[in-house]
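Here the structure comes first, spelled out in structure tokens, and everything after it is commentary.
The values are calculated or read from the model by the stated rules, or taken from the named source; none is laboratory data. Keep in mind that this is a model prediction, so the values were computed, not measured. Reconstructed Cβ throughout: ideal geometry from the backbone, glycine too, with neighbour counts over all protein chains shown.
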């Protein structure tokens, strides 16, 4: 059987792409090895961060911050319309976000960041410590400033992919869970996939294939002989007991790793890019299927950063920590679109894939529907790494 | 780095410590209670003097072991401390502790002898203050010397209720009734196949007979075949409803003690990835082990109720086996007695099987209504869980349901509701509960105050 | 009233404060036992505002989480594992530091 589009992976990106393609009448088929939303899409902390992130201000990062702002501005509009488009509540809150400064050095970094963002059309504002405390009275007295962006926020990562999958099915997509990709190779002008479901092995042909496979993407591509520079980022998140609502905003930190928000249910979710440790296979390589181990020192440090700016956290209890794996690209920017060495094969991975996922899924779908890469994501094309496949004969 | 960390100060942990200390291995014992003893011998506060405390003949070996444990100055006892995390790092283990002795502990070998807890059974009104597990009522009594309330109704399928009723009577409490849903005939049929074997350990059977006679003399209605329906009250328990000979009856109560069986404490074995299997008949997850109590994780041992609920005598035997095995595996001069302890454990099995059969909630589960809360921490009702399950693929595991409706996402990490969710998924799928993937047990196994973590 | 008197010798009583009320207790008792002995069965409220009380009395279920005043701040602890001491002050609803 030949499909117009076969999507591998039932996370946020895959399900959202399935929805866009189905609405365009392409009746995509999506296969997911486990359950919908079982990977990073459901394990991340749900931040909608549109300011230039701390990681882009680190030594070694250069122009990426500016590039990502262009994408973030589009993502803001994407998120703002999602609940209406999907006709259901999704716990999306875009009440604003604060990136905090605790020192003069932090403050200087914030000021230059805000100036740069404003030049790029992102309306961040520099607030004094007092102004930040007007917004969040429980911020520590030593917080000396913040960059405020009115449309940052957070969403519930546990329900979003489901909503896309539901809408996609209603529009004619076929979505199969517990359905594992065993093999994928070029076949004439299209692709042939070998799929295992409930012990049954079948093959499927498709003109276009989307690898919406998160941190597995590089390894699946490697099996086909393709080099995609995506590197494992095992992370950890923590959640406290519920408390009465007091924090409607996303909190980040310009000088330290921190993301923090309060969910609809009242729990505080704390993360910000602290590493966990992948489990290893017999050969020493990271096990991509097993949850990474917590790193206790990182947990302690993460909570210490959080409680430093929000001292009331000291009165809360840690009820759950978890780990998940994502991946970042060689230049920290997403890698999106058709892989030049493998016509008809599309990917999207490599950083901020919750915040950017709904937008990039729409762009991927457009690439297939319009047979051309949308101009908006040209900067993020997989073509920028085409040189890595100069000596590759794709199989 | 210590040689041996023992999680749990009950009979299993104590018996293991006798062996490891005797073999010269440095041994630390961690327990959430201030004093050793476990739930079976939950001790009164050290500053109390209680005449004739747990004086019964059946408790004698347990008391002797406890006295030896408390007198052993080689044991590093860390009471008032919860184990929140367990990880294997290369050739040893790291425990993350919270409470009186918080911090981390590195150990070459770990024994999890963390006991069990009363199976929480969802039924209408079960969240009213005053409705407690039988274990709660019993430990208030034997440790704190406090009667949980009176009049008190005891209900459920587990014969432990008989023992509890006599203990309450001894304390002068007003026991309103003991309601057991199985009929005499049903219970007799269930235990008959095991009776012959259990005759070699007659102590508990004799005690059960004596308890029933005692209740009769005290005029306490002991109603077999009375099926509990639910609890009512305005802000706290006021009455228990039950069905008796086709009629709904109501009995006034300030407190209720519920016992349908026990679930092994399985957070820590599951957190570290040890193999577990569905426990029968009551449910929950028991940790798989070999004949020397070795779990599937090298260096990790399990004993007592962690391996399947079997009572204090079995726990003592298993603890001894585990202690001997740890000394053997550590390569120190092996203490003798492995075969003897294993034989002692084996002799107990017929009575354990009999008790399991007698207590089996089987077809006598109380019925939850759609409004009944299944998840007590996040307040998720049966109806919400069923609606969520209906939206998911039949193959969806427990975590998929959790992520969508928050069942099991609260302070207890699913200890109260997970078993019920697994049963529901298994029933919907028409499969064995063993085939359902349960929640992933996360760090910390108990809530930890954030100020304690960051110091 | 529900403390067993016969055959039990307890240290001299102390006083603890529960939701503003002064309640007698004996050193070494758990907070859960003190509350139940005082007839204070409600230990927290659920999300609908309905009262909840002790369920397992062994640190497993977390139904008995109460707020304890410690060093000028409120800290959340399990009542069944908390030993009382003179001057202990607790609240069954979240207090503000």
Picked from region A:66-98 (must be in contact with a helix residue (DSSP H, G or I) (Cβ under 7 Å, 6 or more places away or on another chain) and not in a helix (DSSP H, G or I)), the residue farthest from residue A:257 (Cα to Cα) is A:88
Of the residues in region B:245-260, those that are in contact (Cβ under 8 Å) with a residue 60 or more places away in the chain and away from chain C (no Cβ under 14 Å) come to B:251, B:252
Subset of region A:282-300 that is in a loop (DSSP other than H, G, I, E, B) and touching a residue at least 40 places away in the same chain (Cβ under 8 Å) - its residue that is farthest from residue A:257 (Cα to Cα): A:288
Among residues of region C:9-31 being buried (at least 18 other Cβ atoms within 10 Å of the Cβ) and in a strand (DSSP E or B), the residue nearest to the other protein chains (Cβ to nearest Cβ) is C:30
Within region C:83-97, track down each residue that is part of a loop (DSSP other than H, G, I, E, B) and crowded, with 20+ Cβ neighbours inside 10 Å. C:84, C:88, C:92
Among the candidates B:303, B:341, which residue alone is in contact with a strand residue (DSSP E or B) (Cβ under 7 Å, 6 or more places away or on another chain) and buried (at least 17 other Cβ atoms within 10 Å of the Cβ)? B:303
Among the residues of region B:438-454, write down those that are out of contact with any strand residue (DSSP E or B) (no Cβ under 9 Å at 6 or more places or on another chain), more than 8 Å from every other protein chain (Cβ to nearest Cβ) and modelled with pLDDT under 95. B:441
Given the residues A:303, A:360, A:364, A:318, which is the only one that is within 14 Å of chain B (Cβ to nearest Cβ), in contact with a strand residue (DSSP E or B) (Cβ under 8 Å, 6 or more places away or on another chain) and assigned to a helix (DSSP H, G or I)? A:303
Selected residue [touching a helix residue (DSSP H, G or I) at 6+ places or on another chain (Cβ under 9 Å) and either within 14 Å of chain C (Cβ to nearest Cβ) or at pLDDT below 95 (or both)] from B:208, B:213: B:208
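So which residues in region A:143-159 are in a loop (DSSP other than H, G, I, E, B), more than 26 Å from the chain's Cα centre (by Cα) and free of Cβ contacts under 8 Å to residues at least 60 places away in the same chain?
A:144
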Only residues in region C:32-43 that are more than 16 Å from residue B:128 (Cα to Cα) and more than 8 Å from chain B (Cβ to nearest Cβ) count as the first member; pair them with residues that are at pLDDT below 95 and part of a helix (DSSP H, G or I), Cβ under 9 angstrom, at least 6 apart or cross-chain, and list the lot. none
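Could you please let me know if residue C:83 is more than 7 Å from every other protein chain (Cβ to nearest Cβ), within 12 Å of the chain's Cα centre (by Cα) and touching a residue at least 24 places away in the same chain (Cβ under 8 Å)? Can you show your working first?
On the way: more than 7 Å from every other protein chain (Cβ to nearest Cβ): no; within 12 Å of the chain's Cα centre (by Cα): yes; touching a residue at least 24 places away in the same chain (Cβ under 8 Å): yes.
No: the conditions fail for residue C:83.
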Selection from region A:109-137 of residues that are more than 26 Å from the chain's Cα centre (by Cα) and not in a helix (DSSP H, G or I): A:126, A:127, A:128, A:136, A:137
Candidate set: region B:419-437, residues that are touching a residue at least 60 places away in the same chain (Cβ under 8 Å) and either within 14 Å of chain C (Cβ to nearest Cβ) or not in a helix (DSSP H, G or I) (or both); chosen: the one surrounded by the fewest Cβ atoms within 10 Å (Cβ to Cβ): B:432
Single residue of region B:44-79 satisfying the filter (in contact with a strand residue (DSSP E or B) (Cβ under 9 Å, 6 or more places away or on another chain), assigned to a loop (DSSP other than H, G, I, E, B) and surrounded by 19 or more Cβ atoms within 10 Å (Cβ to Cβ)) that is nearest to the other protein chains (Cβ to nearest Cβ): B:45
Does region B:225-243 hold any residues that are closer than 16 Å to residue B:259 by Cα and within 13 Å of chain C (Cβ to nearest Cβ), and which are they? B:231
Just one of the numbered conditions (1) touching a helix residue (DSSP H, G or I) at 6+ places or on another chain (Cβ under 9 Å); (2) buried (at least 21 other Cβ atoms within 10 Å of the Cβ); (3) within 11 Å of chain B (Cβ to nearest Cβ) is not true of residue C:62; which one? (1)
Given the criteria within 22 Å of residue A:351 (Cβ to Cβ), within 14 Å of chain B (Cβ to nearest Cβ), surrounded by 20 or more Cβ atoms within 10 Å (Cβ to Cβ) and in contact with a strand residue (DSSP E or B) (Cβ under 9 Å, 6 or more places away or on another chain), does residue A:37 qualify? no
More than 7 Å from chain B (Cβ to nearest Cβ), touching a residue at least 12 places away in the same chain (Cβ under 8 Å), in a strand (DSSP E or B) and under 30 Å from residue B:266 (Cα atoms): is that true of residue C:68 in this structure? yes
Across (1) at pLDDT 80 or above; (2) over 27 Å from residue A:240 (Cα atoms), residue A:60 clears everything bar (1)
Of all residues in region B:29-43 being in a loop (DSSP other than H, G, I, E, B), touching a strand residue (DSSP E or B) at 6+ places or on another chain (Cβ under 9 Å) and within 24 Å of residue B:106 (Cα to Cα), the one that is farthest from the other protein chains (Cβ to nearest Cβ): B:36
Go through region B:80-95 residue by residue and tally those that are part of a strand (DSSP E or B), more than 14 Å from chain A (Cβ to nearest Cβ) and surrounded by fewer than 18 Cβ atoms within 10 Å (Cβ to Cβ). 1
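Can you tell me which residue within region A:99-108, out of those that are in a helix (DSSP H, G or I) and touching a residue at least 60 places away in the same chain (Cβ under 8 Å), is nearest to residue A:170 (Cα to Cα)?
Of everything passing the filter in region A:99-108, A:106 is nearest to residue A:170 (Cα to Cα).
For (1) more than 14 Å from chain B (Cβ to nearest Cβ); (2) buried (at least 18 other Cβ atoms within 10 Å of the Cβ), each residue gets a yes or a no:
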residue	(1), (2)
A:192	yes, no
A:205	yes, no
A:211	yes, yes
A:218	yes, yes
A:241	no, yes
A:250	yes, yes
A:269	no, yes
A:279	no, no
A:283	yes, no
In region B:378-407, the residues that are assigned to a loop (DSSP other than H, G, I, E, B) and within 9 Å of chain A (Cβ to nearest Cβ): B:378, B:392, B:393, B:395, B:396, B:397, B:406
Tell me, which strands (runs of 3 or more DSSP E) wholly within region B:111-225 include 1 or more residues that are in contact (Cβ under 8 Å) with a residue 40 or more places away in the chain and surrounded by fewer than 18 Cβ atoms within 10 Å (Cβ to Cβ)? B:222-224
